[in-house]
Amino acid sequence: MKLAVVFGLIASVLEVAPLGHEHARQVARTQPEKFAAIEGLYASQNGAPVVLFAYPLTKPPELKASLEIPGVLSWLAFGDPNAPIKGINEFAADDIPPLWLTFVSFHNMVILGMYFILIMFVATWKVYRGTLWGNTKLLKTLLWSIPLPLLACQLGWIAAEVGRQPWIVYHLLRTSDATSITVSAGEILFSIILFGLIYLFLGSLYVFLLVKKVQHGPEPENAKEVFAS
Ligand code: HEM
């Protein structure tokens, strides 16, 4: 646990800065439509805000009940709190991605990223103070948090893939023009089912081995001496 929580803290901080931040800067530079959609920037602005919470509506494109910090998005993306950022209103209607899903998946990934830093910081602090083992609530929270990084990865992937629609090759080839003339829908369905079964098998094996290991529990403290004698 000592190793795990310290590693968890370092990894969660690195995931947000520099990794997540660099990802966002790259998207701002190369895929402005996706950037506007994930950040919920529906009208162009100088000093664009970071949206902490909102409910996105597609028609008309707008955010409801939003909680924003002015200037922070411009600063994060271009290092200048007054930098102009293009909003969804600058792009043709058939060039923009689905707004609800990109916004919601991206923001929930970021929320999870923040949660990982918080929980790992608290756990590292408790390990340092030697009080982690008595804290059943925190131990249970850590246990139930195990699947969350996988969820964050899926959300990130949804934000990246849905956010680049309607393009399969950005600004060169539309997804609607990229259907194969040689591979049939039935063949694709067959591949998906086959891959699904393989991953279901691997996933079940992973959970089975994990549960077996956990049920077995750690070696007793004096295992080394018992083994040596
Ligand atoms: C503040 C926190 C975070 C920020 C700012 C951030 C930023 C981003 C951005 C902008 C993208 C889209 C990249 C693109 O379309 O090219 C992305 C994708 C992704 N993110 Fe995050 N992220 C954060 C936290 C996390 C966390 C905690 C995880 C997982 C533990 C994660 C995993 C992913 C994955 C797997 C993708 C998809 C990459 C791909 O398919 O190319 N992110 N992230």
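Summary of values
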{"read-out": "Near pairs, Cβ below 8 angstrom, 6+ apart or cross-chain, from the stretch 139-152 (within 22 Å of residue 127 (Cβ to Cβ) and at pLDDT 95 or above) to any residue that is part of a helix (DSSP H, G or I) and within 8 Å of the ligand (Cβ to nearest atom)", "value": "145/116; 148/112; 148/116; 149/112; 149/116"}
{"read-out": "Residues within the stretch 12-25 that are more than 6 Å from the ligand (Cβ to nearest atom) and free of Cβ contacts under 8 Å to residues at least 24 places away in the same chain, tallied", "value": "5"}
{"read-out": "Test: residue in the stretch 115-136 that is part of a loop (DSSP other than H, G, I, E, B), farther than 18 Å from residue 27 by Cα and among the polar types (S, T, N, Q)", "value": "yes"}
{"read-out": "Residue 159, sole failed condition from (1) within 16 Å of the ligand (Cβ to nearest atom); (2) among the small types (Gly, Ala, Ser); (3) without any contact (Cβ under 8 Å) to a residue 24 or more places away in the chain", "value": "(3)"}
{"read-out": "Residues of the stretch 108-128 classified as away from the ligand (no atom under 16 Å from the Cβ) and exposed (fewer than 14 other Cβ atoms within 10 Å of the Cβ), total", "value": "2"}
{"read-out": "Test: residue in the stretch 139-150 that is more than 9 Å from the ligand (Cβ to nearest atom) and more than 30 Å from residue 23 (Cβ to Cβ)", "value": "yes"}
{"read-out": "Complete set of residues in the stretch 15-43 that are farther than 20 Å from residue 153 by Cβ and among the aliphatic types (A, V, I, L, M)", "value": "28, 36, 41, 43"}
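Residue-by-condition table, conditions (1) of a type in the set (A, V, I, L, M, F, W, C); (2) outside the structural domain of residue 158 (by TED's automatic domain parsing); (3) surrounded by 20 or more Cβ atoms within 10 Å (Cβ to Cβ):
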{"position": "13", "(1), (2), (3)": "yes, no, no"}
{"position": "26", "(1), (2), (3)": "no, no, no"}
{"position": "46", "(1), (2), (3)": "no, no, no"}
{"position": "54", "(1), (2), (3)": "yes, no, no"}
{"position": "65", "(1), (2), (3)": "yes, no, no"}
{"position": "82", "(1), (2), (3)": "no, no, no"}
{"position": "86", "(1), (2), (3)": "no, no, no"}
{"position": "98", "(1), (2), (3)": "no, no, no"}
{"position": "106", "(1), (2), (3)": "yes, no, yes"}
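The values are calculated or read from the model by the stated rules, or taken from the named source; none is laboratory data. Bear in mind that the values here come from a model prediction, so they are computed numbers and not experimental data. Note that each Cβ is placed from the backbone with ideal geometry, even for glycine, and that neighbours are counted across all protein chains shown.
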